[in-house]
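Note sheet for the following structure.
The values are calculated or read from the model by the stated rules, or taken from the named source; none is laboratory data. Quick caveat: nothing in here was measured; it's all calculated off a predicted structure. Here the Cβ positions follow ideal geometry from the backbone for every residue, glycine too, while neighbour counts run over all protein chains shown.
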Amino acid sequence: MKCPTCGGDCVMEPEKVLDGLFRMYLACRSCPSDPLYDKNAPVNEKIDACRGKCTKCGRRHLDHVMAHVLTILKESRFFPADAALKEVGTPLIAFGYQVPYPPRLGEKSLVLIMDSVTEELAGDITANVPEIKGVIRRTGSPSISVGLRDTASTPHTYELLSGCDMRCDVVASTFGELCIYKNQSSIHIEFNNTKIKKIEALYINGELHGAVVLDGFCGPGTLGLLCALGGAKKVIMNDAWLPAVQNTILNIKANSQFLGVKIEFELTGYNKLIGDEPVLMAKAAGNTEILVYHGDIRKITRTQGECNICLIDTFPSVNPGEYVSLCREFAKKTVII
Ligand SMILES: [Zn+2]
Ligand SMILES: [Zn+2]
């Protein structure tokens, strides 16, 4: 599949991702050992693209990559000479899962989120540090979620300054895996594994099988698609934030083999950023019927029939109370994620 952001090969088949995942970030026998840099201290040497590169597999330790970026920031005098390694930014691996060791990185395998960077420097970083696939500038505090809090607020987004921000999180559950792709400058960064556990609990209790599920704040589609994988008969996915809906549709396509579904309808030429009256954006059929809406959840519940399960996954700063009473009216079970 072509990446919708850069036209490159950022969106890999999930089968291929999972097959290669075990070795993707693992050191080979020839990889140089951990440089053991102190993250709180400056790296007092110039790091270029050759430094730390394995002569066999061509990859580098994460710290070498970050120290290379730090060298660029210091040489341009944008960062002071005593800036520490941890000041560079937040690295997100392109195919994310909980790697239990420091990752060894190949070409275009890291999206870097930085608090302090210019567009020109971001261009220098993606041009000169081969492992970096995209540089994003963070706006506001890291505690503010990226995306749309609710339909009445202004969306909070980061800025993609250079390269591509498409990356994926590998979602592993007791009943299978999915690769959830997301444009990281406009989608909330997810580290929360307990959400998956709640869907697993529904599966284990036999509640997912044949169920009709509404995922009213679907984001890039993680939980709704997991319900489809777990045997739901119908999944209605909705988000008021267009980039989330677009990522959901991409994830249905990317995971279509695992889900056993095919897209039957997709709305094109639509670009309203914040949803209100629900608009059907895509429909997929097969093992599960999946409907993807762009709209306000309060209006979605009026247009759909009764559901078995309603998932409420609001931003941490939003009180889910209003949505809980809404969902109780038409769903047998409401799960606050
Ligand atoms: Zn891309
Ligand atoms: Zn190696």
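Could you tell me how many of the residues in segment 1-24 are surrounded by 12 or more Cβ atoms within 10 Å (Cβ to Cβ) and within 16 Å of ligand 1 (Cβ to nearest atom)?
11
So, of the residues in segment 314-336 that are touching a helix residue (DSSP H, G or I) at 6+ places or on another chain (Cβ under 8 Å) and within 17 Å of V212 (Cα to Cα), which turns out to be surrounded by the fewest Cβ atoms within 10 Å (Cβ to Cβ)?
That would be E329.
For segment 253-273, does any single residue satisfy the condition of being within 21 Å of the chain's Cα centre (by Cα), basic (K, R), closer than 24 Å to P155 by Cα and modelled with pLDDT under 95?
Checking segment 253-273: not a single residue is within 21 Å of the chain's Cα centre (by Cα), basic (K, R), closer than 24 Å to P155 by Cα and modelled with pLDDT under 95.
Take V65 and decide whether it is among the β-branched types (V, I, T), under 29 Å from the mean Cα position of the chain (by Cα) and in the same structural domain as K86 (by TED's automatic domain parsing).
Judged against the criteria, V65 is a match.
Only one residue in L161, L229, L223, L214 is assigned by TED's automatic domain parsing to the domain that holds I312, closer than 30 Å to V135 by Cβ and either surrounded by 24 or more Cβ atoms within 10 Å (Cβ to Cβ) or not polar (S, T, N, Q) (or both), so which one is that?
Going through L161, L229, L223, L214 in turn, just one is assigned by TED's automatic domain parsing to the domain that holds I312, closer than 30 Å to V135 by Cβ and either surrounded by 24 or more Cβ atoms within 10 Å (Cβ to Cβ) or not polar (S, T, N, Q) (or both): L223.
Show the residue pairs that are 6+ apart or on different chains and have beta-carbon atoms under 8 Å apart, the first residue being within segment 1-14 and away from ligand 2 (no atom under 16 Å from the Cβ), the second being of a type in the set (S, T, N, Q) and not in a loop (DSSP other than H, G, I, E, B).
Every condition considered, the pairs that remain are P4/Q246; T5/N183; E13/Q257; P14/Q257.
When the residues of segment 27-69 are filtered to those that are near ligand 2 (Cβ under 10 Å from one of its atoms) and of a type in the set (K, R), which remaining residue is surrounded by the fewest Cβ atoms within 10 Å (Cβ to Cβ)?
R29
Pairs, please: C-beta under 7 Å, at least 6 apart or cross-chain, first residue on the phi > 0 side of the Ramachandran plot and in segment 155-167, second within 16 Å of ligand 2 (Cβ to nearest atom) and of a type in the set (G, A, S)?
Pairs found: none.
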